[in-house]
Every structure is written in structure tokens, then in C-alpha cells.
Amino acid sequence: MVRIQFAIDLHYELNYSGADFVFNIHAAQTASQAIVSEKLLISQPATPNIQTDPLTHSRFLRLNAAPGPLHLSYSATLDIDHHVANPDTIGETPVAELPLSVLTYIYPSRYCQSDRLAMLAISEFGALPKGYRRVEAIQAWVRRTVTFRGASSSSTTSAIDTLTDRVGVCRDFAHLMIAICRALNIPARFTTGIDFGADPALGPTDFHAYVEVYLDQRWYIFDPSGTAIPMGFIRIGTGRDAADVSFATIFGGAVSPPPLISVMALTEPGQAWETPRHRPEALSTDAMVDSGRPTI
């Protein structure tokens with residue numbers, strides 16, 4: 001088990017008409033990720049409306065803000081209990097046996113045009129034995145093919161764009177890996193957290209995009225950019241791609257500086273809290289999903 005503490009500070013200046021916001025910055029509460037404590041502060045006297053997606057457990061904060069400055073601060077302490085497995089024992093799940101809740105993650109989506117990558121996927125990975133190791137090979141290929149470079153893409157960059165440009169940030173690595181997995185009928189989804197353990201040379205602590213792939217009735221964690229430590233990832237948002245889990249969607253006129261984010265792992269003598277580290281095993285923070293009703 002790991003205990004993670006993090007904080008997010010967002011600042012906005014709203015024009016004369018104000019704005020409506022949909023934030024996705026709250027930690028998800030799942031069977032494997034327990035919220036020990038959390039605090040939300042909003043500078044304006046606005047009433048927050050927090051709603052939870054029943055399938056992904058993503059939590060969305062809806063807020064109507066008045067003109068002028070808006071400061072939003074969220075902090076939380078979490079306990080994360082990982083399922084750890086031997087990669088060599090993890091196989092792929094045939095499409096006919098996928099739970100209904102998983103099916104949506106084998107289809108193309110806005111940023112993951114898997115239907116256009118079928119020939120590439122089959123050529124590069126079609127002959128490999130099916131299972132965790134094949135997905136690992138996809139991850140390794142994406143890391144070799146794409147160079148991490150800050151501010152090298154935009155909010156409209158798709159998997160096809162990243163494949164063409166061969167540069168990107170974490171969300172671009174994630175979109176490309178997801179698209180290739182789906183092209184091979186392997187369910188894959190986009191997950192957001194914070195880049196725990198990232199090299200400070202890459203810039204200030206930031207939101208992080210990683211991938212979860214459905215194998216043998218579980219969603220397993222993959223970090224195609226390789227810039228952070230998966231054992232220290234918190235789960236914030238889960239969706240088909242970045243369009244589903246933007247940390248802030250703004251309806252109205254607003255300007256803002258980059259978010260201020262901090263994250264740290266807590267340790268204490270006598271507690272069973274581990275320091276996150278790179279591990280060779282397969283990691284999951286989801287409960288098993290059977291062929292009937294899904295659980296997360």
C-alpha cells in the first residue's frame with residue numbers, strides 16, 4: 001500500500017459574463033483507492049456541485065463563477081492498494097467475453113483513431129503471442145517511436161498526428177498506445193493522475209496521462225511516456241481519451257496561468273506504506289471485472 005498526498009491550485013480571471021466550469025480534479029474513490037481526507041476551497045461564494053460517474057468513479061465539479069478572479073484549491077490524502085501480478089500469466093480477453101462496460105474501449109474515439117492504424121498494428125504486433133507481454137511491446141514501441149518534448153502538441157493533437165510528428169507529451173503517448181491496442185481488439189482507456197516521480201528537468205509537477213489496458217478481467221496500468229512512476233499514480237479521471245477527462249472545461253471567457261500542483265508519498269515508522277518505485281510486475285488499481293455486472 002502507498003499513501004499519497006497531493007494538492008492542486010487553479011487561478012482564473014473571468015471576463016464580464018463569468019463562466020461555467022466542469023472540473024475533473026477530485027481523486028476517484030474506488031475499491032483500491034481510499035480517500036483518507038480531502039479539502040476543497042473556492043474563492044467565490046459559489047455552490048459546488050460534485051457528481052460521480054457510476055462506472056468509472058470519475059468525480060466532476062460543476063461550478064458557475066461570476067466575473068473577476070477565481071481561485072480553486074483541492075488537496076487530498078489517499079491510500080492506494082495495488083493488485084500485483086506476474087505479467088507472464090496475464091492473457092488477453094476475447095471480444096466475445098468482454099463485459100458490456102468494457103466494449104466502449106475497443107472502438108475508435110476522437111483522439112484515438114484505431115480504425116486508421118489497423119495495418120500498422122497487425123504488421124508490428126499481430127504475430128506476437130497475445131497477453132500482457134504483447135501490450136508491453138506496444139508500450140516499448142511507442143516509447144522508441146515518439147520523443148517526449150514539452151509544449152510540442154496542442155489540445156487537438158491526435159494519435160495519427162503523434163505518429164506523424166514523432167514528438168509529444170504524455171497525453172500524446174497515451175493516445176497512440178490506446179489506438180494501437182484498440183486496433184488489435186485490446187480494450188484500452190485514458191486515465192489521468194499526477195506525474196509522481198517525474199524528472200524535475202521535464203518541468204514543474206503536472207497532471208499526467210497514462211493508459212489502462214483490460215487483460216484477464218482487470219485494468220492494468222501502463223505509462224507509455226515513461227516519465228513517471230506508475231506505483232505512485234493516483235486516479236483522477238477515466239475515459240475513452242482526453243476529451244472525456246479534461247481537468248477543466250470552461251464555458252465562457254477566462255484566462256489562467258498553468259496549474260500549481262504538488263505530490264508526495266508519505267512514510268511513517270510502523271505503517272505499511274511503501275515508497276513508490278518502478279516494478280517489473282503488472283499493477284492494477286481496479287477490482288476484477290467479470291463477464292456480468294462490472295465493478296471498479
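Observations
- For the pair LEU266 and MET288, the difference between a 0.36 nm per residue extended length and the Cα-Cα distance amounts to 5.2 nm.
- Put a dot 7 Å past the Cα of GLN5, heading toward its Cβ, do the same for ARG62, and the two dots end up 3.4 nm apart.
- Rounded to the nearest whole Hz, the Karplus-based 3J(HN,Hα) values (6.51 cos²θ - 1.76 cosθ + 1.60, θ = phi - 60°) of segment 146-160 follow the sequence 10, 9, 6, 8, x, 6, 9, 9, 10, 5, 9, 5, 10, 4, 5, with x at glycine and proline.
- Residue-normalised convex hull volume from the C-alpha trace of segment 2-80: 78 Å³ per residue.
- Summed over qualifying helices (DSSP H, 4 residues or more, each -39500 (n - 2.57)) and divided by its residue number, the chain shows a 222 nm mean residue ellipticity of -4500 deg cm²/dmol.
- For segment 155-198, the residues whose amide N sits under 11 Å from a probe point set 7 Å from the Cα of SER246 along the beta carbon direction are 155-156.
- Each of the peptides 102-110, 223-231, 179-187 was scored by the mean count of other Cβ atoms within 10 Å over its residues; in descending order, highest first, they stand as 179-187, 223-231, 102-110.
- The separation of segment 168-186 from segment 1-49, counted between C-alpha centres, amounts to 27 Å.
- FRET E, pair THR156, ASP199, Förster distance 35 Å, beta-carbon r, rounded to 0.05: 0.80
- Span per principal axis, largest first, for the Cα atoms of the chain (Å): 58, 49, 42
- Relative contact order, whole percent, for the chain stands at 29, derived from Cα pairs under 8 Å and 6 or more residues apart.
- For segment 103-247, the fraction of C-alpha pairs more than 20 angstrom apart is 40%.
Values quoted throughout were computed directly from the atomic coordinates according to the rules given, and no laboratory measurement underlies them. Values in this document were obtained by computation on a predicted structure and should not be read as measured data. Ideal geometry is used to build each Cβ from the backbone, glycine not excepted, and the neighbour counts take in all protein chains shown.
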